[in-house]
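Here the structure is laid out as structure tokens; the discussion comes afterwards.
The values are calculated or read from the model by the stated rules, or taken from the named source; none is laboratory data. As the structure is a prediction and not an experimental result, all values here were calculated from the model. Cβ placement follows ideal geometry from the backbone for every residue including glycine, while neighbour counts extend to all protein chains displayed.
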């Protein structure tokens with residue numbers, strides 16, 4: 001799967017916004033059809049309540065062709081949603097269900113006031129309402145974006161070598177030019193609506209709004225000097241000397257009455273003495289909430305007034321000397337997982353405020369279904385699903401291995417670890433990484449990394465996290481922050497020819 005797929009996968013980010021929300025309650029949702037009678041498989045037997053991973057993944061691919069990909073499903077205040085886009089939303093949620101044990105065949109189940117059918121279609125409607133609302137509050141015209149997209153399309157054709165190759169790659173992912181245009185343009189509308197509301201550099205969000213956001217979320221900020229003691233080569237005498245060094249520095253700093261001078265001296269000593277590996281990324285201190293740092297560090301930080309100096313604090317890492325600081329609009333809260341750009345308090349306050357604005361704006365957006373899709377239900381997609389599966393399998397080219405191999409991750413009878421990814425496979429360019437040698441992601445949620453000569457297998461990885469990993473400028477940092485230590489299997493490098501972990505594709 002080539003670069004186009006990564007552009008389409010970015011839409012998976014929206015699912016966390018609407019999957020369990022109630023934003024759709026103010027608008028009508030398609031009525032859920034009654035679940036069809038069980039499909040007979042043999043005399044006296046009925047179809048199972050769930051489809052296996054193998055059949056489920058194949059069926060999700062087959063259902064993409066249920067309708068013309070460019071057929072209009074509904075409009076949201078004039079924003080047209082074609083089948084290829086609508087089914088993307090439905091399929092993403094169904095894929096999540098598939099990852100966690102199988103694909104349901106009954107969509108009439110109650111999911112907290114809405115049926116599963118209504119929840120799946122409603123989540124797509126809820127998100128599109130937000131996109132339509134962003135479009136309405138954007139300063140850009142649809143004509144502008146259409147012209148920009150035409151230029152972008154020409155650039156892609158040049159990258160692929162031909163329009164046929166580009167369209168083939170889109171089709172392999174179940175999409176069309178129309179779907180790519182939808183995701184590209186709506187993303188631009190959202191970004192523009194955001195900058196229109198808050199400015200390109202968040203200059204239009206007030207200090208009061210930032211302060212309220214900081215207080216509501218319970219953030220605190222502190223710098224620290226860390227002298228590490230978790231090195232096994234250190235003697236007790238060495239550790240005592242480190243503690244004494246910080247105690248003497250504490251007394252020196254407390255003797256300085258001018259807070260600006262005190263911070264200057266603290267910064268100077270921190271740059272020379274601190275052994276904190278995060279100092280380079282957070283030179284102005286850590287801004288955090290309760291539950292994100294080791295307890296002893298948190299207790300000391302939350303007890304400090306701005307510019308006050310703590311007593312020496314001992315943690316599993318070593319000895320710390322902290323200085324309390326006010327949380328300001330430019331204080332770095334965290335780093336963007338895709339670009340590794342710093343996200344400041346003003347940035348985060350604007351993000352949260354914009355999320356609320358979008359939800360409010362979206363309530364007024366009206367959805368109108370095309371007559372061909374009035375009363376559409378997810379359940380209807382599964383009518384005659386066995387024939388759909390049979391036709392799909394029959395259309396696949398013959399291969400020496402199964403199309404979607406069945407199996408359970410774990411130790412095989414041969415004494416080797418096996419993982420069974422299935423569906424599309426996407427690869428990341430890791431040529432610039434000194435840590436990650438190779439990275440592959442599968443529709444089944446498997447992420448297979450080669451890290452420093454060992455293979456690591458991750459399961460149930462969301463599409464959005466894979467997209468963020470692919471787009472991150474420093475993949476080693478992203479790995480250390482979000483993935484390291486959470487692999488299902490970590491297999492050390494072994495002599496050539498001795499496979500310890502087998503990825504069965």
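Here is how the numbers come out for the structure above:
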| item | result |
| --- | --- |
| Region 243-272, residues that are surrounded by 15 or more Cβ atoms within 10 Å (Cβ to Cβ) and either in a loop (DSSP other than H, G, I, E, B) or modelled with pLDDT under 95 (or both) | 256 |
| Residue 469 vs. criteria under 21 Å from residue 169 (Cβ atoms), modelled with pLDDT of 75 or more and part of a helix (DSSP H, G or I) | yes |
| Whichever residue in region 443-460 is free of Cβ contacts under 8 Å to residues at least 40 places away in the same chain and in contact with a helix residue (DSSP H, G or I) (Cβ under 9 Å, 6 or more places away or on another chain) and, among such residues, is nearest to residue 58 (Cα to Cα) | 447 |
| Residue in region 73-83 that is part of a helix (DSSP H, G or I), closer than 13 Å to residue 183 by Cα, modelled with pLDDT of 90 or more and out of contact with any strand residue (DSSP E or B) (no Cβ under 6 Å at 6 or more places or on another chain) present | no |
| Number of the condition not met by residue 176 [criteria: (1) over 24 Å from residue 86 (Cα atoms); (2) touching a strand residue (DSSP E or B) at 6+ places or on another chain (Cβ under 8 Å)] | (1) |
| Residue pairs meeting the criteria (Cβ under 7 Å; at least 6 apart or on separate chains; first outside the structural domain of residue 185 (by TED's automatic domain parsing), in region 145-167; second assigned to a helix (DSSP H, G or I)) | none |
| Selected residue (only one of 123, 95 is modelled with pLDDT under 85, closer than 30 Å to residue 356 by Cα and not assigned by TED's automatic domain parsing to the domain that holds residue 461) | 95 |
| Residue in region 142-158 that is within 21 Å of residue 368 (Cβ to Cβ), surrounded by 14 or more Cβ atoms within 10 Å (Cβ to Cβ) and either over 24 Å from the mean Cα position of the chain (by Cα) or at pLDDT 95 or above (or both) present | no |
| So residue 349, is it out of contact with any strand residue (DSSP E or B) (no Cβ under 6 Å at 6 or more places or on another chain), crowded, with 17+ Cβ neighbours inside 10 Å and closer than 21 Å to residue 282 by Cβ | yes |
| Any chance residue 195 is surrounded by fewer than 18 Cβ atoms within 10 Å (Cβ to Cβ), modelled with pLDDT of 90 or more and under 22 Å from residue 143 (Cα atoms) | yes |
| Sole residue being in contact with a helix residue (DSSP H, G or I) (Cβ under 7 Å, 6 or more places away or on another chain) and part of a loop (DSSP other than H, G, I, E, B), chosen from 282, 307 | 307 |
| Residues of region 327-340 that turn out to be touching a strand residue (DSSP E or B) at 6+ places or on another chain (Cβ under 7 Å), part of a loop (DSSP other than H, G, I, E, B) and either more than 29 Å from residue 124 (Cα to Cα) or in contact (Cβ under 8 Å) with a residue 12 or more places away in the chain (or both), as a count | 4 |
| Checking residue 367 against (1) surrounded by fewer than 20 Cβ atoms within 10 Å (Cβ to Cβ); (2) more than 28 Å from residue 277 (Cα to Cα); (3) modelled with pLDDT of 95 or more, the condition it does not meet | (1) |
| Any hit, region 208-229, residues being without any contact (Cβ under 8 Å) to a residue 24 or more places away in the chain, surrounded by fewer than 18 Cβ atoms within 10 Å (Cβ to Cβ) and more than 35 Å from the chain's Cα centre (by Cα) | no |
| Flag for residue 406 being at pLDDT below 65 and touching a helix residue (DSSP H, G or I) at 6+ places or on another chain (Cβ under 7 Å) | yes |
| Qualifying residue in region 37-50 (condition: in the same structural domain as residue 375 (by TED's automatic domain parsing), modelled with pLDDT of 75 or more and either over 30 Å from residue 158 (Cβ atoms) or crowded, with 18+ Cβ neighbours inside 10 Å (or both)) | yes |
| Index of the failed condition, residue 394 passing every other in (1) in contact with a helix residue (DSSP H, G or I) (Cβ under 9 Å, 6 or more places away or on another chain); (2) surrounded by fewer than 19 Cβ atoms within 10 Å (Cβ to Cβ); (3) at pLDDT below 95; (4) under 30 Å from residue 54 (Cα atoms) | (1) |
